[in-house]
Amino acid sequence: MTKIGWIIIGILVYFLLGWVLKDIVFSIITIDGDTTMGNILNYEQMVYSALTVIYIIIMDVVQGEKSGDSTCPIMLVIATYLGARFLPLSMGSMILYSVLNIVAIIWEACELKKY
């Protein structure tokens with residue numbers, strides 16, 4: 001598959017599958033009066049970070065020897081998650097979080113080597 005194909009599929013997986021998985025997680029956890037937006041945001045960030053890392057690993061495994069090193073995009077996702085945990089709860093931090101996860105997907109797709 002081409003780099004553009006991996007990027008398009010990655011963005012679709014990030015938004016569509018992430019939305020479904022997030023809804024599944026929210027239906028499993030208990031949300032009561034003591035649950036804060038920070039707690040809910042933590043679950044949402046875990047789902048999207050895990051999905052991004054899993055997609056990067058799948059991209060790496062499927063490409064086999066043609067793929068580059070995937071440690072840097074995975075480290076970007078981990079750093080983004082940890083950074084988002086300490087940023088104040090705002091729409092800007094959520095947009096930055098999503099953009100950096102998408103950048104990690106694009107970065108790994110661009111690491112694919114041509115023969």
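Return yes or no: is Val20 free of Cβ contacts under 8 Å to residues at least 40 places away in the same chain and assigned to a helix (DSSP H, G or I)? Quick ask: steps written out before the conclusion?
Details: free of Cβ contacts under 8 Å to residues at least 40 places away in the same chain: yes; assigned to a helix (DSSP H, G or I): yes.
Answer is yes for this residue.
Scanning region 1-19 for residues that are open to solvent by less than 70 Å² (accessible area, probe 1.4 Å) and among the hydrophobic types (A, V, I, L, M, F, W, C) returns Trp6, Ile7, Ile9, Ile11, Val13.
To keep it simple, each residue is scored yes or no on (1) open to solvent by less than 70 Å² (accessible area, probe 1.4 Å); (2) modelled with pLDDT of 90 or more.
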{"position": "Met46", "(1), (2)": "no, yes"}
{"position": "Ser49", "(1), (2)": "yes, yes"}
{"position": "Thr52", "(1), (2)": "yes, yes"}
{"position": "Gly64", "(1), (2)": "yes, no"}
{"position": "Gly68", "(1), (2)": "yes, no"}
{"position": "Met75", "(1), (2)": "no, yes"}
{"position": "Ser90", "(1), (2)": "yes, no"}
{"position": "Met94", "(1), (2)": "yes, no"}
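One line per residue, one yes/no per condition, for (1) of a type in the set (Lys, Arg); (2) in contact with a Ser or Thr (Cβ under 9 Å, 6 or more places away or on another chain); (3) closer than 21 Å to Val103 by Cα:
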| position | (1), (2), (3) |
| --- | --- |
| Lys3 | yes, no, yes |
| Ile9 | no, no, yes |
| Asp32 | no, no, no |
| Asn39 | no, no, no |
| Ala50 | no, no, yes |
| Val53 | no, no, yes |
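All conditions in (1) without any contact (Cβ under 8 Å) to a residue 40 or more places away in the chain; (2) out of contact with any Ser or Thr (no Cβ under 9 Å at 6 or more places or on another chain) hold for Thr80, with the sole exception of (2).
The values are calculated or read from the model by the stated rules, or taken from the named source; none is laboratory data. This structure is a prediction, so every number in the text was calculated from the model and none was measured. Cβ coordinates were reconstructed from backbone atoms using ideal geometry, including for glycine residues, and neighbour counts include every protein chain displayed. What goes into the accessible areas is simple: the full protein's heavy atoms, side chains included, and nothing from ligands, DNA or RNA. Shrake-Rupley method; radii C 1.70, N 1.55, O 1.52, S 1.80 Å.
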